[in-house]
Amino acid sequence: MPHIFLFAAVLSYIREKFFEAVIPETYVAVDEQLVPFKGASCLKRYLPKKPKKWGYKLWAIAGVSGYVYTFEVDGEKGKTGPPDGWDAPEKCGESGFVVLRLTEKLEEDKHKLFFDNFFSSPGLMEYLARKGFWALATLNANRSRKCPLPSESDLTKSGRGSSAQNVNKERLVIVTSWYDSRRVLMISNFIGKEPVGECTRYIRKEKATASVERPASVELYNNYMGGVDKSDMMLALYRTKYRSRKWYQRIALHLISQCAVNAWIIYKEMGGLKSYLDFLTEICVTLMVGKPQSDDSDKDQPEPLPPTKEENEGIKYPRSYKI
């Protein structure tokens, strides 16, 4: 039985602070995160495409900067179905309800959502259009509702870079098909293939690069989909390695690291120059000595005496900190 509800108060508090700290960006992406864990837990999931295959799965929404605005743990109590007061139809699917719950606090007509084919469906796109949210995603062929588009073999005959699109009767959803090395399906409620751009691809037969036509929806998706992945990259740089069988300790350490990543992103947006490592070091020094590290505050202070051997064997402070 999941016991994530024991941690619910902490999760709610952190979610609230994440959202209150900044104004959400125009382009936001929904994706999954993984907290590595190999112990026994009913909440543990297997994600074969992640660098770490086993762990706790989180759903998150982040901006292009990598700032995570809110999240939820897969299996968390009360996190099923659409948000309260939203009359979303069942055709959105349970994965589509995840997108709706994460975007519940966003303002209408101010954001463009990006997510992958795990979440997307025509029903979800129609509902988001009626709610005032613009969205773009990849699409599984088995969810295209038999949309009349050229097959992959037909696109192959037309050559690399060929594309087509179709719009539903209500003119709310656009499905675009593009052939690169294979067929790619895109679904949106605000953009299609026009205006067609270009990208560079390597042609094996000719052993040279060539310009290939690319729909506008594919280019836009590639530019703004990676917010959660960027946050994951920052988390993986200096992940706290702590062995524990307690599930809540792993999630708690992940949330502490996520707080640090979000804080560093805000710091950089305000003109800060420190790297993420220096920023983390500053946090650690502040927590250890009770005050932030400051070069200016130590200018008028006399230099301390050299430490004795006994003192050298004690706590190891960061090199940049003057004791």
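Tilt of helix 276-289 relative to the longest C-alpha principal axis of the chain, in degrees (0 to 90, nearest 10)?
Roughly 40 degrees between the two axes.
Is there a quick way to get the dipole size of segment 33-168? I mean about its Cα centre, with the Cβ of Lys and Arg at +1 and of Asp and Glu at -1; what is the value in debye to the nearest 20?
Dipole of segment 33-168, to the nearest 20 debye: 700 debye.
So what's the angle, to the nearest 10 degrees on a 0 to 90 scale, between helix 122-131 and the longest Cα principal axis of the chain?
70 degrees
In a GNM of the chain with a 10 Å cut-off on Cα contacts, which of TYR13, TYR221, TYR248 has the highest mean-square fluctuation?
In this elastic network of the chain, the residue with the biggest mean-square fluctuation among TYR13, TYR221, TYR248 is TYR13.
What are the equivalent ellipsoid semi-axes of segment 64-183, built from the alpha-carbon gyration tensor (square roots of five times its eigenvalues), in whole angstrom, biggest first?
Equivalent ellipsoid of segment 64-183: 29, 16, 14 Å, largest first.
What does the charge count near LYS57 come to, summing +1 for each Lys or Arg and -1 for each Asp or Glu among other residues with Cβ under 13 Å from its Cβ?
Local charge sum for LYS57: +2.
Using the Cα centre as the reference, give the magnitude of the dipole from point charges on the C-beta atoms of the chain (Lys, Arg: +1; Asp, Glu: -1; all else neutral), rounded to the nearest 20 debye.
With only Lys, Arg, Asp and Glu charged at Cβ, the dipole is about 1580 debye.
Using Cα-Cα distances under 8 Å and only pairs 6 or more residues apart, what relative contact order does the chain have, in percent?
15 percent
Using r as the Cβ-Cβ distance of SER181 and ALA8, and R0 as 35 Å, what FRET efficiency do you calculate, to the nearest 0.05?
After rounding to 0.05, the efficiency reads 0.20.
Pop a pseudo-label 7 angstrom from the Cα along the beta-carbon direction at both GLU107 and THR286 and give the gap in nm to one decimal.
2.9 nm
Where does each of GLU219, GLU198, GLU20 land when they are ranked from fewest to most other beta-carbon atoms within 10 angstrom?
Final ranking by Cβ density, sparse to dense: GLU20, GLU198, GLU219.
Just list whichever of LYS38/LYS241; LYS157/LYS205; LYS49/LYS193; LYS50/LYS230 have alpha carbons separated by over 21 Å in the model shown.
Cα-Cα > 21 Å for LYS49/LYS193; rest within.
If each DSSP helix of 4+ residues adds -39,500 (n - 2.57) and the sum is divided by the residues in the chain, what number results at 222 nm, nearest 500 deg cm²/dmol? Could the numbers behind the result be given before it?
Details: 9 runs with 102 residues, N = 323.
Using -39500 (n - 2.57) per qualifying helix, the result is -9500 deg cm²/dmol.
Nearest 10 degrees, 0 to 90: what angle lies between the long axis of helix 93-102 and the longest principal axis of the chain (Cα atoms)?
The angle comes out at about 50 degrees.
Please work out whether segment 1-94 counts as rounded, prolate or oblate from its C-alpha gyration tensor, where a ≥ b ≥ c are the square roots of the eigenvalues and a/c under 1.5 means rounded, while otherwise a/b larger than b/c means prolate and anything else oblate?
Verdict is rounded for segment 1-94.
Looking only at the chain, where both bridge partners belong to it, what percent of the DSSP beta bridges are antiparallel (to the nearest 5)?
Taking every DSSP beta bridge within the chain, about 85 percent pair in antiparallel fashion.
Give me log10 I(q)/I(0) at q = 0.11 Å⁻¹ for the chain, Debye formula, one equal scatterer per alpha-carbon, no solvent.
Here log10 of I(q) over I(0) equals -0.82.
Considering the dipole of the chain built from charges on the beta carbon (Lys and Arg +1, Asp and Glu -1) around the Cα centre, which of ALA88, LEU287, MET270 is farthest to its positive end?
Comparing the listed Cα positions along the dipole, ALA88 ranks first.
Each value in this text was obtained by applying a stated rule to the coordinates, not by laboratory testing. On a predicted model such as this, the values are computed, not experimentally measured, just so you know. We place every Cβ from the backbone using ideal geometry, glycine too, and count neighbours over all the protein chains shown.
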